[in-house]
Amino acid sequence: MNDAVIEEIQKAQALNVAGDKAGARATLERLWETADDALHRCTIAHYLADLQGSMEDELRWDVLALAAFPDLTDERTRAYDDSWRARAFLPSLHLNLADVHRRAGHEKQARHFLGEASAALDELPADDYGAMIRDALTKVREAIDTGSTAPLVQTT
């Protein structure tokens, strides 16, 4: 399915990868203002979290991404891509919350969200994306266990 908003989100991510974080953030913030679809809101907030200058702002966007999830259905995700399942979003959403809480020194909250991410791992596809999330979960778990609040290279 052709989805103009998803295409704009992908363009914003390309800006981010190219080093234009401000351009990516501006595009996603503009999209957020009119997004009324759970897939769009969840995805936009998820990516906006990574573009914030403070952990507080990152946490706010990660919370907004997870808050959009209950309205996300398989029917909606499959309307965009037949291979997608809504619940496959959960490990990444919880993992991002675990990591930002870890970096903020909130060990209890970090462990809670790490547990939620771990409990949802069966929802991940057996592909490169699933492997990336599983690997990131291991890295976040190790960082929590060692008490590290240092940023990881990439969580999701």
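Let me make sure I get this right: for the chain, a, b and c are the square roots of the gyration tensor eigenvalues over alpha carbons, sorted descending. Under 1.5 in a/c it's rounded, otherwise prolate if a/b > b/c, else oblate. Which is it?
The shape class here is oblate.
Straight distance only, please: which lysines reach the Cα of K21 with their own Cα at less than 23 Å, same-chain residues fewer than 8 apart left out?
K11
Figure the gain on full extension for K139 and D36 (residue separation times 0.36 nm, minus the Cα-Cα span) and round it to one decimal in nm.
33.7 nm
Which of W84, N96, L66 sits closest to the plus end of the dipole of the stretch 64-107, meaning its Cα is farthest towards the positive end, when Lys and Arg get +1 and Asp and Glu get -1 on the C-beta?
N96
For K108, go through the aspartates and glutamates and keep the ones whose alpha-carbon is under 16 Å away, minus same-chain ones fewer than eight residues off.
D99, E116, E142, D145
Please sort 6-18, 90-102 by packing, taking for each peptide the average over its residues of neighbouring beta carbons within 10 angstrom, highest first.
90-102, 6-18
Run the simple label-point estimate for E123 and E8 please: 7 Å along Cα→C-beta, distance reported in nm.
2.6
Here, each number is a calculation from the coordinates, and none is a lab measurement. The structure presented is a predicted model; accordingly, all values stated were derived computationally and were not measured. With ideal geometry, Cβ positions are generated from the backbone for all residues, glycine too; neighbour counts draw on all protein chains shown.
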